[in-house]
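Here is the structure we will look at.
The values are calculated or read from the model by the stated rules, or taken from the named source; none is laboratory data. Everything numeric here is computed off the predicted structure, so don't read it as measured data. Methodologically, a virtual Cβ is constructed for each residue, glycine included, from the backbone with ideal geometry; neighbour enumeration extends over all protein chains shown. Remember, those area values only see protein heavy atoms, side chains included, never the ligands or the DNA or RNA. Shrake-Rupley method; radii C 1.70, N 1.55, O 1.52, S 1.80 Å.
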Amino acid sequence: MTSTTPTTPERAARAATEIAARFGPELVSTEPELLLKTSSDWSRMSPILQEKVPAGRYLPDAVVRPRSAAEVAGVLRIAYEHDVPVTPRGSGTGNYGQATPFDGGLVLDLRGLDTIRVNDSGTVTAGAGAKITAIDAAARAVGRDIWIYPSTKGSTIGGFVGGGSAGTGTVEHGSTSDGFVLSLTVAPMDGSGTTFTVSGPDVMPYVHVYGVTGVIVELEIATDPARDWVAVYAAFEDWASMAGVHRALLDLPVLPRLASADPPALVPSLPAAVALDPAQHSLRIIAEASTATEIEALVVAAGGVVVASLADYAETDKLSSMSYNHPVYFLQKAHPDRTWFHMETGGLAHWERPDDVRAVYDGDVHLHLELMGSAPLAMVVADYVSEEEALAGIPRLEALGLGVHSPHQWYVDRHVDLAREVARTTDPKRLLNPGKLVDAPPVDTRVNIGVR
Ligand SMILES: Cc1cc2nc3c(=O)[nH]c(=O)nc-3n(C[C@H](O)[C@H](O)[C@H](O)COP(=O)(O)OP(=O)(O)OC[C@H]3O[C@@H](n4cnc5c(N)ncnc54)[C@H](O)[C@@H]3O)c2cc1C
């Protein structure tokens, strides 16, 4: 009699049965619609990834929805014993295909781990699946501001730390790797069925590595005393005037929480709270209230106008939801007949030589800017012709002194060597989020955009 090695779906089915028996059948689903939904994320924003990792191409065998850290650890122990791949997932808004389960197996939906506690020290301890909107509300209620959050504020804190990078608050506090994460509790894929906690610099191997070194179950994050933020909308006739004010914001006595800038081509598709003139360049700032007068003076001196200054905190959320990748998404949504792609770039050329940046690609090219520590980050949006054309722009952008991150690939691209070293212990069978941590990525994974 010959014995055959069970396939991944067979092993996953056995693991799922054991998980259901151990923790309850409500934890496991093989419902086809859910499998389809969890087979992809927002990688559809890239026409290149849309072709390579479309929804439905890499289906999980089951979705598991743990409700506690202990359940996550127990699920990983069972998956380890059955050699079943596990891909962690928060809200699935990552835009590089990082949450796509390339080898099937289990998708671990972590949204059930949604506890939030504001500590006496002011820091926040949250379950990985807690929504950032809820964390922010809890922090604000006791006079604290979380350091940074993405424009997808409804996403999970575990997903932001596991796969995100920067956002509102980055002007002052940098990226998720710059002290935002104070400690992490992690469930390893080593058969132990336990969790461990790391803090300080030891959190680094778990930040922005797509869960390949362990599943984050709880995090402690940094906050500041809450500030009085206002949402400022300004408009300008030309790019140079707007860019000059954008740059000058770095000299304010209190740095803005966010400063997003767009050319007229991107303005009509923005869902702004106030009417924006589609012929004008738009600058939107989440500013500390005491700096509003100085900002107005800067705007007027540059020939611009302050369109609105809204003191309601909810208005600052609206500004945030039009930042980072969102203007690209809104443009794509407004023009379904066209195909756009974007590159993420960092450097002074966006302020100083915008025409040279635009000349890198043929056709319509638009720059969406975000303020960062010393130079702006941009989404360079252009007509999509082919992958070859899109990637050929990278060296041309670099020749302008810009750092480039290609959002058209799914490989772990931050402290890769560290992740590999730690994963040897925490995931010796390489079952966590397979295909993301590889020895030699076949496509460009440059990440030199100033945000780490
Ligand atoms: C329009 C648009 C705008 C965006 N704007 C921003 C932005 O401003 N800033 C930014 O940084 N990102 C941005 N993103 C990307 C993404 O939305 C954010 O990073 C978001 O915080 C990810 O959270 P999520 O819960 O959706 O994570 P998911 O997409 O579910 O997961 C992201 C990655 O982390 C892994 N992961 C999830 N949970 C865990 C866990 N508990 N432990 C370990 N690994 C885990 C997943 O496997 C995946 O690799 C944007 C995306 C879109 C589509």
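Determine whether Leu76 is within 16 Å of the ligand (Cβ to nearest atom), free of Cβ contacts under 8 Å to residues at least 40 places away in the same chain, within 27 Å of Asp114 (Cα to Cα) and not basic (Lys, Arg).
no
Looking at (1) modelled with pLDDT of 95 or more; (2) within 13 Å of the ligand (Cβ to nearest atom); (3) buried (at least 21 other Cβ atoms within 10 Å of the Cβ), which one does Asp114 not meet, given that it meets all the others?
Result: Asp114 passes all but (3).
In segment 1-74, which helices (runs of 4 or more DSSP H) lie fully inside it and hold 1 or more residues that are under 23 Å from the mean Cα position of the chain (by Cα)? Don't jump to the end; show me each part of the working.
Details: elements: 8-23, 32-37, 47-52.
Output list reads 32-37, 47-52.
Just to verify a result, which residue in segment 32-50, among those that are open to solvent by 70 Å² or more (accessible area, probe 1.4 Å) and in contact (Cβ under 8 Å) with a residue 24 or more places away in the chain, is farthest from the ligand (Cβ to nearest atom)?
It comes out as Lys37.
Scan segment 132-175 residue by residue and report those that are within 10 Å of the ligand (Cβ to nearest atom) and either free of Cβ contacts under 8 Å to residues at least 40 places away in the same chain or not assigned by TED's automatic domain parsing to the domain that holds Val207 (or both).
Ile132, Ile148
Looking only at residues that are open to solvent by 30 Å² or more (accessible area, probe 1.4 Å) and aliphatic (A, V, I, L, M) in segment 6-27, which one is nearest to Tyr384 (Cα to Cα)?
Narrowing segment 6-27 to residues open to solvent by 30 Å² or more (accessible area, probe 1.4 Å): 6-11, 13-14, 17-18, 21-23, 25-26.
Then drop every residue that is not aliphatic (A, V, I, L, M), which leaves 13, 21.
Working: Ala13: 41, Ala21: 49 Å.
Across segment 6-27, the extreme among qualifying residues is Ala13.
If you scan segment 280-296, which residues turn out to be assigned to a strand (DSSP E or B), open to solvent by 10 Å² or more (accessible area, probe 1.4 Å) and closer than 22 Å to Ala382 by Cα?
Residues of segment 280-296 that are assigned to a strand (DSSP E or B), as a first pass: 281-288.
Checking which are open to solvent by 10 Å² or more (accessible area, probe 1.4 Å) leaves us with 281, 288.
Within segment 280-296, His281 is the sole residue that qualifies.
Among the numbered criteria (1) of a type in the set (A, V, I, L, M, F, W, C); (2) closer than 24 Å to Ala259 by Cα; (3) touching a residue at least 40 places away in the same chain (Cβ under 8 Å), which one does Ala99 miss?
(2)
Identify all residues within segment 311-343 that are under 18 Å from the mean Cα position of the chain (by Cα) and open to solvent by 10 Å² or more (accessible area, probe 1.4 Å); write none if there are none.
Within segment 311-343, Asp317, Lys318, Ser321, Tyr324, Asn325, His326, Tyr329, Phe330 meet the criteria.
Of everything in segment 265-274, what is in contact with a helix residue (DSSP H, G or I) (Cβ under 6 Å, 6 or more places away or on another chain) and open to solvent by 20 Å² or more (accessible area, probe 1.4 Å)? Give them in sequence order.
Ser269, Ala273
With open to solvent by 40 Å² or more (accessible area, probe 1.4 Å) and within 18 Å of Ala375 (Cβ to Cβ) as the only criterion, which of Asp251, Asp262, Asp277 stands out? Can you show your working first?
Working: Asp262 fails: open to solvent by 40 Å² or more (accessible area, probe 1.4 Å); Asp277 fails: within 18 Å of Ala375 (Cβ to Cβ).
Sole residue among the options that is open to solvent by 40 Å² or more (accessible area, probe 1.4 Å) and within 18 Å of Ala375 (Cβ to Cβ): Asp251.
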